[in-house]
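To start, the structure under review is shown below, and the notes come after it.
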Amino acid sequence: MKTVVKSARQLLSADVAILLNGKDANETSLSNWNRAKTRLCADGALQRVKEYSLCKPTHVVGDFDSISPDLLNEYEIGGGFVKKIDCQNSTDFQKCLQVIEHDIKYCGDIVVSLGLGGRRDHEHLNLRTAVNTTPSNIILAGSCSVIHPLRPGLNIINIETPYDSGVGILPLLGPTMTTTKGLKWDLNGVELGYHDSLMWTSSNEPISDVVEVTVDRPALWTISLSGS
């Protein structure tokens with residue numbers, strides 16, 4: 001299977017955006033929110049909209065255990081779409097994805113802001129959600145980096161220099177056979193993983209306008225944004 005991936009800057013221009021209740025906020029991590037056509041707030045993230053003077057969300061989704069009732073009521077009075085999902089076996093991020101799939105019926109790129117930084121257990125769950133979600137493509141926008149999935153097979157990634165700088169591969173789901181072309185230190189059939197006997201990439205650089213990454217299971221591609 002072959003997957004073509006846009007450059008990081010292009011990925012940050014999706015029609016659908018999700019705002020989580022994290023704190024990794026700057027111009028880069030919030031860049032897509034105001035221009036997205038569909039904007040979903042995950043529960044208490046509605047407070048971040050006020051805090052950062054962002055455009056009003058089109059949807060607020062969650063079990064509403066971390067949102068002010070007064071703030072939610074203010075949003076509803078203004079005509080906003082509210083969906084309460086009483087499920088303790090899914091995160092508010094995952095609840096937003098349910099609404100996107102079943103109610104909005106969208107399956108393209110989704111930029112997620114404020115999902116990196118903060119509590120490590122929350123961040124780890126966000127990463128696992130990103131790597132496991134199909135067919136939509138989840139892009140986690142951080143203050144100085146972008147993370148998105150690598151699909152099994154060949155991934156052809158467009159690079160925009162000098163905007164895209166340091167890169168890495170996270171084999172989040174276990175040992176991953178990896179081959180690359182277009183990096184300063186290419187990999188040739190190397191098994192990446194988190195076990196002591198395996199390696200994983202934490203620092204590499206693109207040396208081509210197109211980088212090819214072949215993996216045998218879903219993984220994550222991380223890229224630093226120069227100047228962020």
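The values are calculated or read from the model by the stated rules, or taken from the named source; none is laboratory data. All values reported here derive from a predicted model rather than from experimental measurement. Please note: Cβ atoms are built from the backbone with ideal geometry, for glycine as well, and neighbour counts cover all protein chains shown. Just the protein is used for accessible areas: all its heavy atoms, side chains included, with ligands, DNA and RNA removed. Shrake-Rupley method; radii C 1.70, N 1.55, O 1.52, S 1.80 Å.
Quick grid of which residues meet (1) open to solvent by 70 Å² or more (accessible area, probe 1.4 Å); (2) in contact with a His (Cβ under 7 Å, 6 or more places away or on another chain); (3) aliphatic (A, V, I, L, M); (4) modelled with pLDDT of 90 or more:
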residue	(1), (2), (3), (4)
Arg9	yes, no, no, no
Ile18	no, no, yes, yes
Lys23	yes, no, no, no
Ser31	no, no, no, no
Asp43	no, no, no, yes
Val49	no, no, yes, yes
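Somewhere in the range 68-77, is a residue touching a residue at least 24 places away in the same chain (Cβ under 8 Å), of a type in the set (A, V, I, L, M) and in a loop (DSSP other than H, G, I, E, B)?
no
Please name all residue pairs, on different chains or six or more residues apart, with Cβ atoms under 6 Å, provided the first residue is in the range 3-31 and is over 15 Å from Leu97 (Cα atoms) and part of a loop (DSSP other than H, G, I, E, B) and the second residue is modelled with pLDDT under 90 and of a type in the set (D, E, K, R).
Close Cβ pairs (under 6 Å, with a partner that is modelled with pLDDT under 90 and of a type in the set (D, E, K, R)) amount to Ser7/Glu160.
How do the pairs read when you match residues in the range 202-226 that are of a type in the set (Phe, Trp, Tyr) with residues anywhere that are buried (at least 18 other Cβ atoms within 10 Å of the Cβ) and assigned to a strand (DSSP E or B), using Cβ under 6 Å and keeping only pairs 6 or more apart or on different chains?
As it stands, the answer is Trp221/His148; Trp221/Leu150, since those pairs meet every condition given.
Taking only the range 127-152 into account, find how many residues are of a type outside the set (A, V, I, L, M) and open to solvent by less than 20 Å² (accessible area, probe 1.4 Å).
Going through the range 127-152 one residue at a time, the tally reaches 5.
Taking the condition of being surrounded by 14 or more Cβ atoms within 10 Å (Cβ to Cβ) and either closer than 20 Å to His124 by Cβ or in contact (Cβ under 8 Å) with a residue 24 or more places away in the chain (or both), how many residues in the range 78-89 meet it?
3
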